[in-house]
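The values are calculated or read from the model by the stated rules, or taken from the named source; none is laboratory data. As the structure is a computational prediction, the values presented were derived from the model and not from experiment. Neighbour counts are summed over all protein chains in view; Cβ atoms, including those assigned to glycine, are modelled from backbone coordinates with ideal geometry.
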Amino acid sequence: MMSLKKAILAGNSFSAIGTLGRQNRASPETENVFDDTFWENLSVFINALDNVNARLYIDQRCLYFQKPLLESGTLGAKCNTQMVIPHLTENYGASRDPPERETPMCIVQSFPHNIDHCLTWASSEFEGLFEKTPTEVNTYLSSPSDYISAMKNSGDAQARDNLERVLKCLDRDKWDSFEDCITWARFNFENYFVNWVKQFTFTFPEDTVTSSGVPFWSAPKRENTKQFTIAWHYGGIFFVKPNNLKYEHGKVVYMDFVEVDDFKKLTVDRLLGL
């Protein structure tokens, strides 16, 4: 879906460039789609991939067909680009970066203290809401009895988590209109930016000390006492984006743009009607 939208946008912005959106994964399994003719007709390859294996595969194909490659990537707040020119520069796979140190999820979830932690948390939440949950729901709806049997046979914590995702989406978070999505986004906003903050400040007050007598809120931990409200200007942006994504699952027209004040009023009116 993203590739199709980007192709349309690129065609609208640069009419002289021919664009074609493909939804196939670039991998050895799809070389019947991205065949020799496809590669031979390319002038240059520009990467925007999200994992190392895919980058290495594209790098090898560009090497084989002698195509220039603009390799680009992101990691948290960092980004990089590498121009690979046949017979002039080394290719992407010629050198490897040292493995990145992973931050424990307990720090990401409870005690983030830098922008990378925040980006990791946001990415994890986004994936859960708009990728994992829809995938599990679609799998269940395609064959409910087989899905339930598979979850029972699995019997692990992940199976329970998947079942809870399905139940929440089809029951507690079920939506039939854009207004329902507003309610869903508003409650998520409250949980993320108000309830969690209140819970932590209640569990770990400012004067909390550890068993060794050291203040609990010592560096690198950063106490969070900020609680956002609907009056916060960017709160409206938080609502519009998840609403559009949530409603898009139903393949229905959604909002391209809305004034924050207008959306704020719509949100308040909706909640008062509950």
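Within the range 78-106, residues that are without any contact (Cβ under 8 Å) to a residue 12 or more places away in the chain reach partners that are among the β-branched types (Val, Ile, Thr) and surrounded by 13 or more Cβ atoms within 10 Å (Cβ to Cβ) with beta carbons closer than 8 Å, at six or more positions or on different chains, in the pairs 90/84.
Across the range 50-61, a minimum of one residue is classified as within 30 Å of residue 169 (Cα to Cα) and not assigned by TED's automatic domain parsing to the domain that holds residue 163.
Show me the helices (runs of 4 or more DSSP H) found entirely inside the range 1-66 where at least 3 residues are loosely packed, with under 13 Cβ neighbours inside 10 Å and among the hydrophobic types (A, V, I, L, M, F, W, C). I'd like the intermediate steps shown before the answer.
Values: elements: 2-13, 36-40, 52-65.
In the range 1-66, the matching helices (runs of 4 or more DSSP H) lie at 2-13.
What are the residues in the range 135-176 that are surrounded by 11 or more Cβ atoms within 10 Å (Cβ to Cβ) and modelled with pLDDT under 85, if any?
Those that are surrounded by 11 or more Cβ atoms within 10 Å (Cβ to Cβ) and modelled with pLDDT under 85: 154, 169, 170, 173, 175.
When 179, 190 are checked against the criterion of being surrounded by 13 or more Cβ atoms within 10 Å (Cβ to Cβ), acidic (Asp, Glu) and in contact with a helix residue (DSSP H, G or I) (Cβ under 9 Å, 6 or more places away or on another chain), 179 stands alone in meeting it. Among residues of the range 15-40 that are closer than 18 Å to residue 59 by Cα, those with a beta-carbon under 7 Å from a residue that is outside any helix (DSSP H, G or I) and modelled with pLDDT under 85 at least six positions away or on a different chain give the pairs 30/24; 33/24; 34/26. Scanning the range 120-138 for residues that are of a type in the set (Ser, Thr, Tyr) and out of contact with any helix residue (DSSP H, G or I) (no Cβ under 6 Å at 6 or more places or on another chain) returns 123, 124, 135. The set of residues from the range 67-78 being among the aliphatic types (A, V, I, L, M) and part of a loop (DSSP other than H, G, I, E, B) comprises just one member, 77. Within the range 74-109, the residues that satisfy the criterion of being touching a helix residue (DSSP H, G or I) at 6+ places or on another chain (Cβ under 7 Å), modelled with pLDDT of 80 or more and over 18 Å from residue 53 (Cα atoms) are 107, 108, 109. Residues of the range 81-111 that are of a type in the set (S, T, N, Q), in contact with a strand residue (DSSP E or B) (Cβ under 9 Å, 6 or more places away or on another chain) and either in a loop (DSSP other than H, G, I, E, B) or outside the structural domain of residue 58 (by TED's automatic domain parsing) (or both): 89, 91.
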